[in-house]
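Notes follow the structure.
The values are calculated or read from the model by the stated rules, or taken from the named source; none is laboratory data. Being a predicted model, the structure only gives us computed values, none of them experimental. Cβ sites come from the backbone with ideal geometry, for glycine too, and all protein chains shown count toward neighbours. The accessibility values were calculated without ligands, DNA or RNA, using every heavy atom of the protein model including side chains. Shrake-Rupley method; radii C 1.70, N 1.55, O 1.52, S 1.80 Å.
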Amino acid sequence: MMISVILISLVLFLLSAQFLNLQWKSRGFPPGPTPFPIIGSIWWINFRADHGSLKKLAKTYGNICTLWMGHRPVVVLYGFQAVKNGLTNNSEDVSGRLQTVIFKKMSDGKGILVSNGLIWKQQRHFGIGTLRKLGMGNKGMERGIQTEARYLVEFFRDKEGEAVDPSFPIVHAVSNVICAVVFGHRFSLEDKTFRQLIEAFNHIVAFGNSYFYYISEVFPWFVEHLPGPLRTAKISRDFVHSFVRQEIKSHREKGRTDEPEDFIDFYLKQIEKTKNVPNSTFDEDNMVQSVFDLFLGGSETTATTLRWALLYMLVYPDIQDKVQRELDAVLSPSHLICYEDRKKLPYTNAVIHEILRFSSIVLITLPREAVKDTTLLGYHVPKGTLIMANVDSALFDPAYWETPHQFNPGHFLDKGGNFVTREAFLAFSAGHRVCLGETIAKMELFIMFCSLLQKFKFTVPEGVKEINTDIIFGSTMKPHPYKLCAVLR
C-alpha cells in the first residue's frame, strides 16, 4: 500500500512539474489552449472531423495562436493576412520541413518535398531550373499537355455518352504529363506497369489520408512489423523507387547527357558535372526521391482538382453553358487549345481559378519548421517551432472574398468582365516552399478543362437525383466517387 502511495505521489509530482514547465515555456508564444503534460493541447483540434474547429480556434485566440504537440509548440496561422505574412515576411527562417518518423522512413530526408538544408536548396533549385529548360510555361511543355488532352477527349468520345467514373482517365492524363517530363515518354492506358505505378501512388496517398498514419507517427515501434497500411505504403514506395531506378539505368545506357531530353538526362549530367564538388548533394538516391516527389506533387493535386472541375460543371450547368458559349465565340471548333488562349477567355479563366479556390484541396500546408530563432507577426518564435498555415482560411476569408462560400467566378472578374488576379488566392501556398509546379498545374488545368468543354456537354447520369459535393478529408480534399455522361456537342 505504501509503495502504491509513493508511486502515485511521484507520478503526480512529475506531471505537476511538467505542467508548470509547459506553462513557463508557453510564455512569449502566441496565445492558445492550455497545454497539458504528454498530450499538449493538440486535443483541442479535431482536424479530420471538423475543419471548422480551426475557425473556432482563431475566433477564440486570434489569427496567430499556439497548439502544443506534447512539449513541441505549433504556431497556427489563420486568415489571409496571417498566412501570407507568416510565410513570406521571414520566409527563409520558416522554410524548414518537419522530419517525422514516417517522413524519414519514406524519403530518408532526400529529394525536394520533405528535405531540409543544403539537400533541399540544391534539389529544389535544380528542379525549378530543369523544369524551365524542359519547357515549363512555354510551348515545349504545352505540346505534351495537348497530347494528353487529346487522349482524354478520345476516352470520353469512345464512351458515347454512357455513365463513367472520370477518375482513372484523369489521373492517367495528368500522370503522363509528368512521365513525359521526367522519363521522356508516355504510357498507354493499357500499360500494366503504368497502372501498377499509379496504384502504388494511390496506396501511398491513401496511407497519408488514414488514421493509421497518425498511429504510425505516435507508435512507430508498434506498427513497424504489423501487416497493414504502413507496410503497403512502404512496399508501394519501394516499387516506385525500383521503377525509377530501372528508368535511370535505361537512360544511362542510352547516354544522352550531351543532349538531355528529360529530367533524368539533366540529372545524370548534373551528377557528372558535380562529382568532384565537396558540397554536392547530386547522387542517384536524391535523383530517385526527386522524381518520386515530382510525380507525387505533380499528379495527385492536379488530378484531384480536375475531378472537382467536372463535378462542379454537373452542379452548376449554367456556368458550364457560359464557358462553352465563350469558347464557341472566341475559338473555332478545330482550334487546338493553348495556354495563351486564357487571355482571350476571361470568364473561362475565372471559372478555373474559382475551381482552385472553392475546392481548396490542401486544407493545411505540410508543416514548416523555424530553422532559426525568428519573429512571426510580432511574436518571438524559437528555432524548431512548427508553423501550420491554414491555406483554406485564406481562400475563404470574408474580408477578401465577396461571397466566400459560394461558387462564384465573379471573384476573378472586374466590372468590365476582364480577368483579375486576387492577392488572397494562395492555392499554391507562399514563401520559400511555394509549389514549384504551379505553372505546370495551371497549364494542365486550363488546356485539359477547355479541351473537354469544347467537345462535350457533361451531364448527370439518368436516375441520379442528388450530387454529393462533400469532401473526403485527407492530405488532399477529394470529392466522393461519382459518374458523369460526356455528350458530344
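Which residues, taken from segment 361-375, are of a type outside the set (A, V, I, L, M, F, W, C) and crowded, with 21+ Cβ neighbours inside 10 Å?
Scanning segment 361-375 gives T365, R368.
Report whether or not F263 is buried (at least 18 other Cβ atoms within 10 Å of the Cβ) and modelled with pLDDT under 85.
Considered against the rule, which asks whether it is buried (at least 18 other Cβ atoms within 10 Å of the Cβ) and modelled with pLDDT under 85, F263 comes out as no.
Which residues, counting only those in segment 442-477, are under 30 Å from F212 (Cα atoms), outside any loop (DSSP other than H, G, I, E, B) and in contact (Cβ under 8 Å) with a residue 24 or more places away in the chain?
Within segment 442-477, I472 is the sole residue that qualifies.
Among the numbered criteria (1) hydroxyl-bearing (S, T, Y); (2) surrounded by fewer than 21 Cβ atoms within 10 Å (Cβ to Cβ); (3) under 27 Å from I472 (Cα atoms); (4) modelled with pLDDT of 85 or more, which single criterion is violated by T88?
Evaluating T88 over (1) hydroxyl-bearing (S, T, Y); (2) surrounded by fewer than 21 Cβ atoms within 10 Å (Cβ to Cβ); (3) under 27 Å from I472 (Cα atoms); (4) modelled with pLDDT of 85 or more leaves (3) as the failure.
Considering only residues that are touching a residue at least 40 places away in the same chain (Cβ under 8 Å), within 19 Å of W308 (Cβ to Cβ) and of a type outside the set (V, I, T), which ones fall in segment 137-192?
Hits for segment 137-192 are E148, A149, L152, F156, A163, D165, P166, S167, A173, S175.
Taking interchain pairs and intrachain pairs at least six residues apart, which have beta carbon atoms under 9 angstrom, with the first residue in segment 322-345 and open to solvent by less than 60 Å² (accessible area, probe 1.4 Å) and the second of a type in the set (G, A, S) and assigned to a helix (DSSP H, G or I)?
That search, which allows pairs on different chains as well, returns I337/A149; I337/S451.
For the subset of segment 65-83 comprising residues that are in a strand (DSSP E or B) and open to solvent by 20 Å² or more (accessible area, probe 1.4 Å), which member is modelled with the highest pLDDT?
Y78
Considering T439, T365, which residue is at pLDDT below 90, in a helix (DSSP H, G or I) and under 18 Å from S299 (Cα atoms)?
T439
Which one is most open to solvent (accessible area, probe 1.4 Å) among residues in segment 395-436 that are farther than 25 Å from R368 by Cα and not in a loop (DSSP other than H, G, I, E, B)?
F419
Look through I64, I102, I119 and report the one residue that is touching a strand residue (DSSP E or B) at 6+ places or on another chain (Cβ under 8 Å) and either acidic (D, E) or touching a residue at least 12 places away in the same chain (Cβ under 8 Å) (or both).
I64
What number of residues within segment 375-394 are assigned to a strand (DSSP E or B) and of a type in the set (A, V, I, L, M)?
Residues flagged as assigned to a strand (DSSP E or B) and of a type in the set (A, V, I, L, M) within segment 375-394 amount to 6.
Go through (1) β-branched (V, I, T); (2) in contact with a helix residue (DSSP H, G or I) (Cβ under 6 Å, 6 or more places away or on another chain); (3) closer than 30 Å to V75 by Cα for V460 and report which single condition fails.
Condition not satisfied by V460: (3).
Residue under question is T439, and the condition is that it be under 26 Å from R150 (Cβ atoms), β-branched (V, I, T) and either open to solvent by less than 30 Å² (accessible area, probe 1.4 Å) or out of contact with any Cys (no Cβ under 8 Å at 6 or more places or on another chain) (or both); does it hold?
It is true that T439 is under 26 Å from R150 (Cβ atoms), β-branched (V, I, T) and either open to solvent by less than 30 Å² (accessible area, probe 1.4 Å) or out of contact with any Cys (no Cβ under 8 Å at 6 or more places or on another chain) (or both).
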